[in-house]
Each structure stands twice: as structure tokens, then as C-alpha cells.
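First comes the structure, then the notes that go with it.
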Amino acid sequence: MKFLNEEELKKVIEKKKLSSYSDEILNQLNEVIKQNLNLILKSYKNKEKLAKSNSEKDSIPFLDAYPDYNLSQLPSWVRENINEAIVVGSSKKVVQINDGRKYHLDNSLNDLSGQEWTFFTCSVINTRYPTQGKEGYAHHIRKVHPSPKPPQLTKEIISFFTKENEWVLDYFMGVGGTLLGASLCNRRAIGIDLNGFYIEKYKEAAKALNLDLQHTIQGDAIEILANKQSLISDILKGEKVSLVLIDPPYGDMMSRKKTGEAIKKKQDSSATPFTDSPKDLGNMEAADFYKNLKNSVQNSLKFLKKGGHVVIFIKDIQPKGKQLNLLHADLIYLINEIDELYYLGTKIWADHSVNLFPYGYPFSYVSNQIHQYILIFKKKT
Ligand SMILES: C[S@@+](CC[C@H](N)C(=O)[O-])C[C@H]1O[C@@H](n2cnc3c(N)ncnc32)[C@H](O)[C@@H]1O
């Protein structure tokens, strides 16, 4: 079975001067479509099944079922469609709007529909975010940083762990991947970075994207969280953050004897130093890095509401001899030692926009690490 309009595709291939591979490319595309088609068909079958189980006779208009409901508690996408919304299912706790999206009235974590919630809980997220044009989210400004996080990705994370207008704290903000993501989904955020130049670049990016400017503080996050907490609490004015989302710096610390020895490794885009300051976690040897990171998380809990989440990006360092360098595993154990937190799981982010290099070729296996770990912890209620 052929799914593609061959003529048009051949023109695209011709333009790329790959005509001699035309048949192979078309066959591969057909295969991809076939495989994905099955998945898509399956998801629609499920959708149909669900729709049937919530048959019309069980449903009542939301405003009839809950005439006195405080509508401000509902996500904006439900509120905006409330006149046509219905309550479905036997629990009478699920409200469905006219495009089929459903929201559970007991959802105390986020504003997502049931389907979006389930989608996010997949343990792997594959992306190929563009770095140019509108979809690049001002990457041309943010690329002064060696490892800026895509705002589209942080938006997904923030949208899962917060509700609209809630607070997010990122005390290693860099050029503001988290802060931009927060603005994209209408959350409030506070960012801290040692390097004022990165903060300025974040502001430039936010302006270029016409996004609300979030709060920023320049300084040593370790010191601020331990001894200058009013810098943060003055912004929060008695409120708490719902999410601490951090992307800590680290260098080739496993092999480093003392601080300040960091050397940028060309093959690793997350290499540090981000600054030449000894306060930069990326310039610390392993023991100090772990100690400071753990203390910072512990101290950030003062600002995190009960039941709030701490989410940490981390990437492993390549193994060296018998040295495993499994930073993600080390961090899970370390952060789990904090009494008030418990570990919920890990999401793996596979970034397919990363170029592959023939590391090790032709002698040995060296992994092209295109994935990072997103570690998820929850504060006890
Ligand atoms: C991996 S980067 C974060 C990148 C960020 N997620 C983004 O989207 O741009 C880590 C950042 O932590 C900052 N940093 C390192 N040590 C710090 C410290 N002690 N206090 C505050 N910021 C620090 C570095 O300057 C760097 O920008």
C-alpha cells in the first residue's frame, strides 16, 4: 500500500539533490507512516470507546450540575467553553468541553486534560526542536549559552507540575529556558544565575518573543538560598512556588582534582565552565558539586509548597575505565536522602537535533549521548 504523493515528494528530494536515493527515501517514509498509522488508529479507537462509555444520556450541562461552582478554579480552556461544557461519567467529576477534552474537577496538580496528562507521563520524550525561525524561540540570542534548554520543553514540564499563574523557581537559569517556558504557559517565575550576561540575554530573548519578563536575580544561588533568602521571599510576598525546576551545571568534575580547572570539551555541548568563578558548580570537584547541589535543593524547599515538585535536568558523563559516572543515578540517591522529598521517577529527554559524531570509530563504542534525564521528586504533603 502506498500512502504518499510520490510526484510532490520526488520534487522535494530533487531540490535537495538526492534524486539517486529517491526510491529508498520514499520506501523509508512509507514504513514510518505505516508504523505510526497503527499507533494513531489505536489512539482514535480508544477515543471512540471512551466517548461511547460517556454516552449522551449520562451527561448533563456543567452549569446545571454545578450552578454555584467557583469558575475561577477551572483552567481557562474549560472556563472559556463552560456554557457548552457537560459533566460526563458516573463520578460526576469529569467535565468535557465541545472539542472532546476532559478535565477532572479534583485535579489539584495542573490544568491538563486527561489525555494531555497521560501523554506527559510517558517516560521518554523525543524532540527535534528547530533552532531557527519562530519555532526557534530566539535561539539566535540564547545560543551565547553552551546549553540553553528549549522553552517548548520546559513549558511541557511546567504545565504538568503547576497550574496557571503559579510560581516556578530556577536558580541556575542561564539564558532562561525555564523562565521563557513559564511565560509561554502563563506562570510566574524567578530565575537566578551567577552570570549577569546570561540574564541580560534572557531579557533580550523575552523581549524579542514579546513574552512577559519574569523576575531575575544575579548572584550565587547557593549563597542566596542559604543566607539571602529575602531576595526570593520579597518577590513571592508570602506565596510559595509549586515547582523548583533546575538544570545544574557540571563539568568534567569526576576527573578534576581541584576547583577552577575546568576546560571546555568541544564534543559536549553541556560542558562548562559557564563562568570562571569558583562559585560556579561547573567548576567544582565532584564532592563539592554534590554537597552544594544537595544543600541548594534542601534550602529551596523553604520556598516550595507542600506537595510541590523538584525537577532536575542531568546528563551522565561518559564512563572512564571502571569509573561509571552515572550522574543521574548518583543524584537520585543523593536527593532522595533529603527527608522532605521523595523520588517519583525519571523522564528521558531524547534530543534528536543533536548531531552525531563518529566517536570511537573505528576502534571502540563511545555513546553519542543525545538524551538527558529529567529527575522528578515531590515534597511531602
Ligand atoms: C546548565 S546551565 C543552565 C541553562 C539554562 N537551563 C538555560 O536554559 O539557559 C547552568 C547555569 O548555572 C549557572 N551557575 C553555576 N553556578 C551557579 C551558582 N553558584 N549560582 C547561580 N548560578 C550558577 C551557570 O552560569 C549556568 O548558566
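The values are calculated or read from the model by the stated rules, or taken from the named source; none is laboratory data. All figures in this text were calculated on a predicted structure; none of them were measured in a lab. Note: ideal-geometry Cβ built from the backbone for every residue, glycine included; neighbour counts use all protein chains shown. The accessibility values were calculated without ligands, DNA or RNA, using every heavy atom of the protein model including side chains. Shrake-Rupley method; radii C 1.70, N 1.55, O 1.52, S 1.80 Å.
Give the residues of region 154-174 that are assigned to a helix (DSSP H, G or I), polar (S, T, N, Q) and free of Cβ contacts under 8 Å to residues at least 60 places away in the same chain, sorted by residue number. Quick ask: steps written out before the conclusion?
Going through region 154-174, the residues assigned to a helix (DSSP H, G or I) turn out to be 154-161.
Now narrow it down to the ones that are polar (S, T, N, Q): 154, 159.
Once the filter is applied, which keeps residues that are assigned to a helix (DSSP H, G or I), polar (S, T, N, Q) and free of Cβ contacts under 8 Å to residues at least 60 places away in the same chain, region 154-174 yields only Ser159.
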Next on the checklist: Among the numbered criteria (1) under 21 Å from His371 (Cβ atoms); (2) open to solvent by less than 10 Å² (accessible area, probe 1.4 Å); (3) more than 10 Å from the ligand (Cβ to nearest atom), which one does Phe160 miss?
Outcome noted: (2)
Checklist outcome for this item: Note on region 243-297: residues among the hydroxyl-bearing types (Ser, Thr, Tyr), open to solvent by less than 30 Å² (accessible area, probe 1.4 Å) and modelled with pLDDT of 90 or more are Ser296
Checklist entry - For region 327-345, how many residues are touching a residue at least 40 places away in the same chain (Cβ under 8 Å), touching a helix residue (DSSP H, G or I) at 6+ places or on another chain (Cβ under 7 Å) and in a strand (DSSP E or B)? => result 1
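Report, by residue number, each residue of region 199-233 that is charged (D, E, K, R), near the ligand (Cβ under 10 Å from one of its atoms) and in a helix (DSSP H, G or I).
At the first step, the residues of region 199-233 found to be charged (D, E, K, R) are 200-201, 203-204, 207, 212, 220, 223, 228.
Then drop every residue that is not near the ligand (Cβ under 10 Å from one of its atoms), which leaves 201, 220, 223.
Lys201, Glu223, listed by residue number.
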Checklist entry - Leu344: within 26 Å of Ser108 (Cα to Cα) and assigned by TED's automatic domain parsing to the domain that holds Ile157, yes or no? => result yes
Checklist entry - Within region 175-193, can you find the residues that are outside any strand (DSSP E or B), surrounded by 24 or more Cβ atoms within 10 Å (Cβ to Cβ) and at negative phi? => result Val175, Gly177, Thr178, Leu179, Leu180, Gly181, Ala182, Arg187
Checklist entry - Within region 127-146, is there a residue that is assigned by TED's automatic domain parsing to the domain that holds Asn210, out of contact with any strand residue (DSSP E or B) (no Cβ under 8 Å at 6 or more places or on another chain), closer than 27 Å to Lys378 by Cβ and open to solvent by 40 Å² or more (accessible area, probe 1.4 Å)? => result no
